[in-house]
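Notes for the one structure printed next.
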Amino acid sequence: MDIANVANVINDKSKDYKVGNLQYFRKEYKDIQHPNTYKLFSKRTIMDDDPDNSYIFHSAGRKEFQVNVGYEKFRNEFRAGFAFSIEPSRSVTDPVSIFKPKIKIYNNYIEKNLDKFDDLMMFHHDEDYNRSSNYPIEKIEDHLIDQGMFIFMGTIFKKEADEFLTEKEYKHILKTLDRLYEIYKYIEKREY
């Protein structure tokens, strides 16, 4: 699956959806003078060097509840939604301290609004890619808030590596992102 092409299509189509305003929201609430881009994805957030697991996340989303779209070839699964990437990097040396309060806010929101998202799925994996099976969306348990964890929620569907996404699937993806964007705003409006 050409994840860079998927990023370009979602960037273009997101203009007609609420999630297409994410960078404008970031500018207002994060006090950013000039975002790197007003598109959801930039070339720097397209991770396509591993043909078995390619993904994209929203520009400047490394420390946020991030838009996350990807393809896992070994599972023949395409995902679109949001994720907590509690993985360390040069710019994120203590990810648990960043994400623990955000996950607490997420859990509070989900506890009150679970019925709005009960058709969505979750999965998680640790830094060694020990991956859970897919399961219905729920609160995130404390033992998952650990360095190296990746926790995804959204829509997941079967797709062969050489298949293209259809217009109907892109519409479904963007509607899912719009729904989860409400949680993103709820989390990211808060001061930490």
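The values are calculated or read from the model by the stated rules, or taken from the named source; none is laboratory data. Being a predicted model, the structure only gives us computed values, none of them experimental. Don't worry about glycine lacking a Cβ; one is built from the backbone with ideal geometry, like all the others, and counts go over all protein chains shown. Quick note on the areas: whole protein, heavy atoms, side chains included, nothing else; ligands and nucleic acids left out. Shrake-Rupley method; radii C 1.70, N 1.55, O 1.52, S 1.80 Å.
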Out of (1) open to solvent by 40 Å² or more (accessible area, probe 1.4 Å); (2) part of a helix (DSSP H, G or I), what's the single condition that is false for T176?
(1)
K112 versus (1) among the basic types (K, R); (2) over 18 Å from I10 (Cβ atoms); (3) surrounded by 15 or more Cβ atoms within 10 Å (Cβ to Cβ): which is the lone unmet condition?
(3)
Test set (1) open to solvent by 80 Å² or more (accessible area, probe 1.4 Å); (2) assigned to a loop (DSSP other than H, G, I, E, B); (3) in contact (Cβ under 8 Å) with a residue 12 or more places away in the chain - I140 fails condition number
(1)
If Y135 satisfies all but one of (1) touching a helix residue (DSSP H, G or I) at 6+ places or on another chain (Cβ under 9 Å); (2) open to solvent by 30 Å² or more (accessible area, probe 1.4 Å), what's the number of the condition it fails?
(1)
Of the residues Y38, Y17, which single one is touching a helix residue (DSSP H, G or I) at 6+ places or on another chain (Cβ under 9 Å), surrounded by 13 or more Cβ atoms within 10 Å (Cβ to Cβ) and free of Cβ contacts under 8 Å to residues at least 60 places away in the same chain?
Y38
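Any idea how many residues of the stretch 72-86 are farther than 19 Å from I137 by Cα and surrounded by 15 or more Cβ atoms within 10 Å (Cβ to Cβ)? Please lay out each step first, then the result.
Of the stretch 72-86, the ones farther than 19 Å from I137 by Cα are 72-76.
Checking which are surrounded by 15 or more Cβ atoms within 10 Å (Cβ to Cβ) leaves us with 72-73, 75.
Residues meeting the conditions: 3.
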If N107 satisfies all but one of (1) of a type in the set (S, T, N, Q); (2) within 15 Å of I151 (Cβ to Cβ); (3) not in a helix (DSSP H, G or I), what's the number of the condition it fails?
(3)
